[in-house]
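Nothing in this text is a laboratory measurement; each read-out follows from the coordinates by a stated rule. In this text the structure is predicted, and so the values were computed from the model without any measurement. Positions of Cβ are backbone-derived with ideal geometry, glycine not excepted, and every protein chain shown enters the neighbour counts.
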Amino acid sequence: VAKNGAVATSQPLAAQVGLQILQKGGNAVDAAVATAAALNVLEPMSTGIGGDMFALIWMADTKQVTAINGSGRSAAGANPEDVISKGYSSIPNNGPDAGLAVSVPGTVDGWQKCLEKHGTMTLKEV
């Protein structure tokens, strides 16, 4: 049990990970990142670091919501001319050129940003 906190998720062991972070003095952001990381191991069929991460964080002291965008970026060599030269007016989502829609995963970078801006622990600690 943690004072003034709770963790809810689809996987009980992941919830336990988040609860342990709260018990160690971490805040809600620390616990959320730890829980998400645990879900990558415990529910790999539903969660993974190879995708995107988005977070809305309520800041009680300022009464404002902060948004963290951990969506992937296009590859360094990607450019609109490549898509146009293949005859497309937008990036295809299926077919032989669907790979043009693949981005560099942003999840771990998003976790790091959450912790740096609003956490009390480092990524290594969680």
* To do: Compute the Rg to Rh ratio over the range 1-87 from the alpha carbon atoms, using the Kirkwood formula for Rh, and round to two decimal places.
  => 1.16
* Structure fact -> Of 98-106, 13-21, ordering from highest average Cβ density within 10 Å down gives 13-21, 98-106
* Counting Lys +1, Arg +1, Asp -1, Glu -1, what net charge surrounds Gly87 among other residues with beta carbon under 14 Å of its beta carbon? -> -2
* Asked: Between the DSSP loop rule and a limit of at most 10 other Cβ atoms within 10 Å, which trypsin sites (Lys or Arg not before Pro) in the range 95-126 are left?
  -> Lys124
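For a footprinting-style exposure proxy, rank Asp30, Asp52, Asp61 by other Cβ within 10 Å, fewest first.
Taking fewest neighbouring Cβ atoms as first place, the list is Asp61, Asp52, Asp30.
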* Would you order Met59, Met121, Met53, Met45 from fewest to most other beta-carbon atoms within 10 Å of each residue's own beta-carbon? => Met45, Met59, Met121, Met53
* Structure fact -> Rounded to the nearest Å, the spacing of the alpha-carbon centers of the range 14-50 and the range 88-115 is 23 Å
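May I ask you to compute the full-extension gain from Ser46 to Asn79, defined as 0.36 nm times their residue separation minus their alpha-carbon distance, rounded to one decimal in nm?
8.8 nm
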* **Using θ = phi - 60° and Karplus 6.51 cos²θ - 1.76 cosθ + 1.60, couplings along the range 77-90 (whole Hz; Gly, Pro as x)** => x, 6, 7, x, 4, 4, 5, 5, 5, 8, x, 9, 9, 8
* Kindly provide the helix-only [θ] at 222 nm of the chain, computed as the sum of -39,500 (n - 2.57) over DSSP H runs of four or more divided by all residues, to the nearest 500 deg cm²/dmol? => -11000 deg cm²/dmol
